[in-house]
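This report concerns only the one structure given below.
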Amino acid sequence: MHITIIGTGAGGRLLAKALVREHHEVDFLIHRGKKPRKALRDFHAHFYEREEEVLAMDFSKTDAFVFCDDSNRALALASLLSKRQKPIHFISYDGALGRLLDMTKETFGIDYVYDYGSILAGRIHRFFYEEEGMQTEIFDNFDSAMVKIDVGVDPAFVGRRVKNIGAFEELVLVTIRRGGKIIVPKGNTVIEADDVLRMVGSVDAIRRFRRRYGKADPFEGLERSRRFLIFGDGKAAESIEGLLAQDADTTLLSRERKLPAGTNYVMDRPVTEIMEDLDLAAYDGFVAASDDDADNFLMATAARDAARIDVALCLKDESYMRVVDVAHTGGIFSGELLVSQQIKNNLFGPPEISLHLFPGSLEIYEIVLSEEVYAVGKTIESLDLAEGFLIGGIDRGGKNVLAKGKTVLMEGDHLILFLLPECAGDLQKFIRRKAKRFLTELFSM
């Protein structure tokens, strides 16, 4: 497909990178008043000054428009481009506008509305209220999920070999994060204190695991209202504060007094000094959601070091996420990733290959095997996959098939793959067409 992204707002860059990796065509339409970030220079871009110029442009190759424009002109331009009879996807960065558009999108010719702040806030709310501080990613097409947990010094895990831990009987341990490194575990791998584990299994199995090893209710027995401390002064922090405040007491730390409930954050003081003045033990959760990734990381780290409370860290730069993922034990969330994933799902549904946009050091793909790809007809063990490459699930005609070494992959199999970035080369075995001649196949291996 050919997707035209309008504007340079949050979500557009990550969406474009994911689409290009899945072999779609992407171009940007940018107002000349906006200076494109360096990351956008890898994509073809058209520039305009007046809306009349856009109306005269040739969009015959465009299959859908995605608006990532936070300017006042975005809504008018979306209405004009809707006359092209192409789907319009519109990201709203203002909560009030997003709620209004969701009810009246047909008036403006918009097909899908994505409220950036509400999507991020909903995910943060789920982290605190449903996941008991264990960040969980759900893969609907497989009825499976992945959970992230810091084992701390729990004797149920620490000092024991993976193959001897009964909790893993229903789950697959994908990676261990230990001392800033990512380890791909084996049966004899011994779990150490403060290891951070990522495990995948059925949704029901993940729920049973959380009930057994998480806090059944992180707020049970409190004689006071639940309390959250939120750092940030932008739209994202405002949306998160608004949702959490519906059933809890919230305090907002901001650089400016943009919200009446906010506590002023003094610009000439380091973020760590601000944290030292707060009674963090009095709060049940902390959210770092400013527009500065570095400040968010410093605040989240200070919060965990000070009181070991549940911490949600919001980030924007996906390259920074990979670094932070090996140093932060709490939840990591990105509004850009969440919004981009929803847009991808609405653009394509489940395509033959789909990259899950995920805030961590893992890459996660869903792939439907076509008849002509190299892996079809072969056992998993014969593919000789790298240690950092794991088939986490196989859906065959609506039934789950265990991914074992002797399992033969078949046309139409729907796979979910977990891989470290350095193992991405093995992905070709699932998308590369079979060679037509024996010698050609040998030379292409």
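A few comments on the model shown:
- Hits in the stretch 18-30 (condition: closer than 16 Å to ILE91 by Cβ and modelled with pLDDT of 85 or more): LEU19, VAL26, PHE28, LEU29, ILE30
- Scanning the stretch 133-154 for residues that are of a type in the set (A, V, I, L, M, F, W, C), open to solvent by 20 Å² or more (accessible area, probe 1.4 Å) and not in a strand (DSSP E or B) gives a single hit, VAL153.
- Within the stretch 178-196, tally of residues that are of a type in the set (A, V, I, L, M, F, W, C), under 17 Å from TYR213 (Cβ atoms), in a loop (DSSP other than H, G, I, E, B) and touching a Ser or Thr at 6+ places or on another chain (Cβ under 9 Å): 0
- Single residue of ILE240, ILE230 found to be closer than 27 Å to GLU130 by Cβ, in a strand (DSSP E or B) and either touching a Gly at 6+ places or on another chain (Cβ under 8 Å) or modelled with pLDDT of 70 or more (or both): ILE230
- When THR251 is tested against (1) modelled with pLDDT of 80 or more; (2) farther than 27 Å from GLY133 by Cα; (3) among the polar types (S, T, N, Q), just one condition goes unmet, and that condition is (2).
- Taken over the stretch 155-181, the criterion of being in contact (Cβ under 8 Å) with a residue 24 or more places away in the chain and open to solvent by 50 Å² or more (accessible area, probe 1.4 Å) is satisfied by GLY159, ARG160, ARG161, LYS163, GLU170, VAL172, LYS181.
- Restricting attention to the stretch 55-74, the residues that are modelled with pLDDT of 85 or more and open to solvent by less than 70 Å² (accessible area, probe 1.4 Å) add up to 11.
- For the stretch 402-425, the count of residues that are at pLDDT 85 or above, basic (Lys, Arg) and not in a strand (DSSP E or B) is nonzero.
- Scanning the stretch 350-371 for residues that are under 18 Å from GLU137 (Cα atoms) and modelled with pLDDT under 80 yields PRO350, SER354, LEU355, HIS356, LEU357, PHE358, PRO359, GLY360, SER361, LEU362.
- Test: ASN346 is under 30 Å from TYR93 (Cβ atoms) and touching a residue at least 40 places away in the same chain (Cβ under 8 Å): yes
- A single entry from SER92, SER118 fulfils the requirement of being of a type in the set (Ser, Thr, Tyr), open to solvent by 40 Å² or more (accessible area, probe 1.4 Å) and in contact (Cβ under 8 Å) with a residue 24 or more places away in the chain: SER118.
The values are calculated or read from the model by the stated rules, or taken from the named source; none is laboratory data. Since we're looking at a predicted model, the values are computed, not measured. In this analysis, Cβ positions are derived from the backbone assuming ideal geometry, glycine residues included, and neighbour counts consider all displayed protein chains. Accessible surface is based on the protein model in full, side chains and every heavy atom, while ligands, DNA and RNA are left aside. Shrake-Rupley method; radii C 1.70, N 1.55, O 1.52, S 1.80 Å.
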